[in-house]
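Following: one structure in structure tokens, then a few remarks.
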Amino acid sequence: MIDVHSHILPGVDDGAQSEADSIAMAKAAIEEGIDTIVATPHHKNLRYDNYREDIVKNVSILNELLEAHNLPLTVLPGQEVRMYGEILEDLEKGEILPINDSKYIFIEFPSDSVPQYTEQILYDIQLEGYTPVIVHPERNRELLQNPNKMYQLIRKGALSQVTAASVVGKFGKKIEQFTHQLIEANLTHLIASDAHNTTTRGFHVRDAFETVKKMYGVETYYMFLENSQLLIENMNLNRFEPSPIRKKKKKRFGLF
Ligand code: FE
């Protein structure tokens with residue numbers, strides 16, 4: 001299995017703090033059936049900057065470390081870019097690192113809002129031949145309150161990735177429900193761990209995929225599995241016509 005979003009690189013953000021942490025995370029990943037993991041350290045999120053060049057170097061050091069420990073896990077380079085105004089300029093400068101050097105760029109919004117210039121930037125990214133992947137939209141307060149903003153962004157060509165832990169309710173009921181609405185409306189294309197450690201922010205990938213299989217059937221299950229593979233191979237992902245999220249009608253009780 002491939003996990004396309006993780007904070008397994010040591011000492012670069014709020015994920016693994018040491019090589020020992022990275023090794024513990026690698027062991028946990030392998031236990032869940034993961035053999036390939038993308039390291040996506042935070043970039044421009046006000047606390048952490050991780051430039052392309054540094055990530056590539058750190059990924060190769062981590063791969064050597066895992067090999068020395070006989071751990072069958074391959075780490076690929078990626079980056080989780082906070083939405084900001086100069087993404088395009090910095091892409092040109094070589095500071096941005098698409099997932100495994102593909103056309104897919106992971107974009108994170110601040111947790112409580114979607115910046116006003118988002119649509120424009122996502123459009124400009126696509127004009128340059130890249131595809132923005134909105135990561136964990138289900139954990140964004142504005143999108144939670146206005147789910148159809150997500151519909152608009154996906155309709156205009158963005159992809160999205162939900163967190164495995166959200167699929168199985170680890171971020172609470174509201175986020176779990178929104179995650180499933182996104183899956184049902186074809187508004188999300190990838191499931192990944194966004195693991196930061198082995199305790200409070202672990203993997204939950206196996207549980208999430210089992211849940212998807214149970215709730216939506218094997219076709220949806222394989223679609224998500226395959227999309228992770230297609231992403232790292234820079235191929236086009238499976239995507240289905242998105243639909244707006246409709247508020248579920250309250251069940252009527254009583255005589256009617
Ligand atoms: Fe992340």
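The values are calculated or read from the model by the stated rules, or taken from the named source; none is laboratory data. On a predicted model such as this, the values are computed, not experimentally measured, just so you know. When we count neighbours, we look across all protein chains shown, and the Cβ atoms used for this are built from the backbone with ideal geometry, even at glycine. Note: areas computed on protein heavy atoms with side chains; ligands, DNA, RNA excluded. Shrake-Rupley method; radii C 1.70, N 1.55, O 1.52, S 1.80 Å.
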query = With (1) touching an Asp or Glu at 6+ places or on another chain (Cβ under 9 Å); (2) in a loop (DSSP other than H, G, I, E, B); (3) open to solvent by 10 Å² or more (accessible area, probe 1.4 Å) as the list, and Ile96 as the residue in question, which single condition is left unmet?
reply = (3)
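Quick grid of which residues meet (1) in a helix (DSSP H, G or I); (2) within 15 Å of the ligand (Cβ to nearest atom); (3) under 17 Å from Phe106 (Cα atoms):
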{"position": "Asp21", "(1), (2), (3)": "yes, no, no"}
{"position": "Gly33", "(1), (2), (3)": "no, no, no"}
{"position": "Arg47", "(1), (2), (3)": "no, yes, no"}
{"position": "Lys57", "(1), (2), (3)": "yes, no, no"}
inquiry  = Looking only at residues that are under 21 Å from Glu233 (Cβ atoms) and open to solvent by less than 40 Å² (accessible area, probe 1.4 Å) in region 1-12, which one is farthest from the ligand (Cβ to nearest atom)?
reply    = Ile2
query = Looking at (1) closer than 19 Å to Glu53 by Cα; (2) touching a strand residue (DSSP E or B) at 6+ places or on another chain (Cβ under 8 Å), which is the only condition Ala28 fails?
reply = (1)
ask   = Of the residues His136, His180, which is within 13 Å of the ligand (Cβ to nearest atom) and open to solvent by 10 Å² or more (accessible area, probe 1.4 Å)?
value = His136
request  = Sort through Leu159, Leu144 and tell me the only one that's more than 24 Å from Lys213 (Cα to Cα) and either of a type outside the set (S, T, N, Q) or free of Cβ contacts under 8 Å to residues at least 60 places away in the same chain (or both).
outcome  = Leu144
task = Go over the candidates Gln161, Gln152, Gln126 one by one and state the one that is under 20 Å from Arg239 (Cα atoms) and within 16 Å of the ligand (Cβ to nearest atom).
result = Gln161
remark   = Among the residues of region 13-69, the number that are buried (at least 22 other Cβ atoms within 10 Å of the Cβ) and of a type in the set (Asp, Glu) is 0
ask   = Do we find that Thr198 is under 27 Å from Asp35 (Cβ atoms), assigned to a helix (DSSP H, G or I) and either open to solvent by less than 40 Å² (accessible area, probe 1.4 Å) or in contact (Cβ under 8 Å) with a residue 24 or more places away in the chain (or both) in this structure?
value = no
ask   = Does region 78-89 contain at least one residue that is open to solvent by less than 60 Å² (accessible area, probe 1.4 Å), more than 13 Å from the ligand (Cβ to nearest atom) and part of a helix (DSSP H, G or I)?
value = yes
